[in-house]
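Notes for the one structure printed next.
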Amino acid sequence: MSEMVAPKLMTQPPTAVLSDKYLAGVRTYASGYYDPDYVPKDTDLLCAFRITPKAPTDMIEAAAAVAAESSTGTWTEVWSNQLTDLEFFKARVYDIQGDIAYIAYPMDLFEENSIVNIMSSIVGNVFGMKALSALRLEDMRIPTALVKTYPGPHVGIYDERVWSNKWERPLLGGTVKPKLGLSPKAYSTIIYECLMGGLDTTKDDENMNSQPFSRWQDRFRYAQDAVNRAMAETGEYKGHWHNVTAGSTMESLKRMDYVKERGADMCMFDFITAGFAASADVFAHARELDMIVHCHRAMHAVFTRQHEHGIHMRVVAKWLRLTGGDHMHTGTVVGKLEGSWSETEGLIDLLRERYVPANPAQGIYFDQDFAGLKNVWPVASGGIHVNHIPDLYRLTGNDAFWLFGGGTHGHPKGSRAGATANRVATEAIASGSTLAEAARNSPELRDAMALWADIKFDVQE
């Protein structure tokens, strides 16, 4: 038997022959990572950061610090820089416009098909730097060559319309209310009433998992029984988004198997709280099971709401589409949750379109080619009711899911009547009619319009 031979290690280069470029010491970040003459390559991943430097750091140095610390740099010059081609691998600040810094990252810095790696690299460490008072990732251009390594959605908008045979109108869903406290049997009763009233689907909310009052096996079984009854009695395709989010990815996959065995072809997942690694596993398993995954964005506002600090939702939407979610909440503008009209339009475009050009008015800083990936259903939810439907339709058009929670269950004649009002109103607006015209033949719609006539939220155009 031959003896084990230790691998030959590289030795430290003789410092006496180092060029000035590699001399040890502390240099400004700008000296190595600010390059206004650099022309981004098609293969570069591009980021637009909103930067608020902390005095006495200026904007150029602050931007260069972000580029360095999110790629190859550190706080001092190190001899080991000689062991690689820094000019190839380092990120570069190639433009600064006001408080927006544009940074180009070589694609080879990132693992294929890994949003986790992109997040760990670009937003993993720089947000805590002392040179910055605030930092926000406004947008990201993922190069086409990297996009092609991701699976994208399994179903997409067109395929789901084929599955359901429902066309020429938005699809309608409803969150079961109250969100917590209902027994599985009571829960299933509400599902049945909503589906019989005209909704296409119902859903668990983000925090409905497996609590003592409603263990997941029982709730899934009762809920799917209600779906099957409604489909048989209406002759329409119906569904319920069963929340399979759990304390571990393994448990989520187990729950997906359980609902699929009982005839369900859709589920729901809290993709941000669970994380993108868990999401990738769930979406891959959905492909194996041939299931639709509705993605709830619970927790997003923790890092998307502030104008100066965090990550914009448009970036998260791109990550979600690449990873493979089929639906994603976008906000409503007209409902109770914050969001501007133009930015929500841009977010919807990023979910639905094959190619999205830069559009400063919508906050889209880069062209984005999704390279043939399927699209994602934009989902509007949060404080909406029948009187919002004309504005909702103006915002989303046909290819959207509208979810009515209180706007269904708050109807004075119950959830079935609320669902009917939503369906009648939606079909009227999608066909070019008006709510007033539709209400003449629908007492459910008349009652809903009257009840919520004064419940309005300011539209942020």
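Across segment 180-210, what is the total count of residues that are in a loop (DSSP other than H, G, I, E, B) and farther than 20 Å from Thr426 by Cβ?
11
As an exercise: evaluate Ser415 against (1) in contact with a Cys (Cβ under 6 Å, 6 or more places away or on another chain); (2) surrounded by fewer than 21 Cβ atoms within 10 Å (Cβ to Cβ) and give the number of the one condition it does not meet.
With (1) in contact with a Cys (Cβ under 6 Å, 6 or more places away or on another chain); (2) surrounded by fewer than 21 Cβ atoms within 10 Å (Cβ to Cβ) applied to Ser415, the lone miss is (2).
Table: residues versus (1) within 16 Å of the chain's Cα centre (by Cα); (2) surrounded by 19 or more Cβ atoms within 10 Å (Cβ to Cβ).
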{"residue": "Glu236", "(1), (2)": "no, no"}
{"residue": "Ser248", "(1), (2)": "no, no"}
{"residue": "Met256", "(1), (2)": "no, yes"}
{"residue": "Glu261", "(1), (2)": "no, no"}
{"residue": "His296", "(1), (2)": "yes, yes"}
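Checking the condition surrounded by fewer than 19 Cβ atoms within 10 Å (Cβ to Cβ), on the phi > 0 side of the Ramachandran plot and of a type in the set (A, V, I, L, M, F, W, C), which residue from Ala371, Ala450, Ala430 passes?
Ala371
Within segment 386-439, can you find the residues that are under 24 Å from the mean Cα position of the chain (by Cα) and outside any helix (DSSP H, G or I)?
Gly397, Asn398, Asp399, Ala400, Phe401, Trp402, Leu403, Phe404, Gly405
Condition check ((1) assigned by TED's automatic domain parsing to the domain that holds Arg423; (2) at pLDDT 95 or above; (3) under 22 Å from the mean Cα position of the chain (by Cα)) across all residues:
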| site | (1), (2), (3) |
| --- | --- |
| Phe127 | no, no, yes |
| Ala131 | no, no, no |
| Leu135 | no, yes, yes |
| Asn165 | yes, yes, no |
| Leu171 | yes, yes, yes |
| Ser188 | yes, yes, no |
| Gly198 | yes, yes, no |
| Glu206 | yes, no, yes |
| Pro212 | yes, yes, no |
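Here are Arg305, Arg352, Arg297: which of them is among the basic types (Lys, Arg) and in contact with a strand residue (DSSP E or B) (Cβ under 6 Å, 6 or more places away or on another chain)?
When all the criteria are applied, what remains is Arg297.
What strands (runs of 3 or more DSSP E) lie completely within segment 246-360 and have 3 or more residues being within 21 Å of Ala371 (Cβ to Cβ), in the same structural domain as Gly124 (by TED's automatic domain parsing) and at pLDDT below 95?
The strands (runs of 3 or more DSSP E) meeting that bar number zero.
When segment 45-60 is examined, which residues are found to be part of a strand (DSSP E or B) and either of a type in the set (D, E, K, R) or buried (at least 19 other Cβ atoms within 10 Å of the Cβ) (or both)?
If the condition is that a residue be part of a strand (DSSP E or B) and either of a type in the set (D, E, K, R) or buried (at least 19 other Cβ atoms within 10 Å of the Cβ) (or both), then Leu45, Leu46, Cys47, Ala48, Phe49, Arg50, Ile51, Pro53 are the ones that fit.
List, please: which pairs have Cβ atoms under 6 Å, are six or more places apart or on different chains, and start with a residue in segment 369-397 that is over 23 Å from Ala421 (Cα atoms) and end with one that is assigned to a loop (DSSP other than H, G, I, E, B)?
Phe370/Arg354; Ala371/Lys148; Leu373/Gly152; Lys374/Gly152; Lys374/Pro153; Val376/Pro153
What is the number of the single condition among (1) in a helix (DSSP H, G or I); (2) modelled with pLDDT under 95 that Ala453 does not meet?
(1)
Which one of these does Tyr29 not meet: (1) buried (at least 21 other Cβ atoms within 10 Å of the Cβ); (2) modelled with pLDDT of 95 or more; (3) over 31 Å from the mean Cα position of the chain (by Cα)?
Result: Tyr29 fails condition (2) only.
The values are calculated or read from the model by the stated rules, or taken from the named source; none is laboratory data. Given the structure is predicted, the values throughout are model-derived calculations rather than measurements. In this analysis, Cβ positions are derived from the backbone assuming ideal geometry, glycine residues included, and neighbour counts consider all displayed protein chains.
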